[in-house]
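Taken together, the values in this text are just the output of simple stated rules run on the coordinates, not laboratory data. The structure presented is a predicted model; accordingly, all values stated were derived computationally and were not measured. In this analysis, Cβ positions are derived from the backbone assuming ideal geometry, glycine residues included, and neighbour counts consider all displayed protein chains.
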């Protein structure tokens with residue numbers, strides 16, 4: 001039994017057709033938009049850039065990342081205490 005296509009598959013196929021047709025017609029604005037939508041659907045582009053205000057949790061870090069951060073903190077604390085002593 002043939003499995004029916006999902007809405008996502010059909011939409012991606014339609015966008016590929018639109019891209020091909022608009023490239024042939026040299027309508028690059030529409031072609032670029034179609035390619036952008038294809039890329040977004042495949043997760044190639046992030047809509048939200050990471051912010052420094054985003055909360056970082058220890059649970060979200062690997063052991064290696066934690067060790068690196070501890071090292072950076074120790075280095076910064078040592079440099080700051082030396083600056084105060086001078």
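Could you work out the Kirkwood radius for the range 1-43, taking every pair of different alpha carbons, averaging 1/r and inverting it, reported in Å?
10.9
For residue 20 and residue 40, calculate 0.36 nm times their separation in residues minus their Cα-Cα distance, and state this gained length in nm to one decimal.
Gain in length upon complete extension: 5.4 nm.
Test of understanding: ordering 14, 59 by Cβ neighbours within 10 Å, fewest first, what list do you get?
59, 14
Would you mind ranking 56, 30 by Cβ crowding within 10 Å, fewest neighbours first?
The order, fewest Cβ neighbours first, is 56, 30.
Taking the beta-carbon count within 10 Å as an exposure proxy, list 22, 6 from fewest neighbours to most.
Ranking 22, 6 by Cβ neighbours within 10 Å, fewest first, gives 6, 22.
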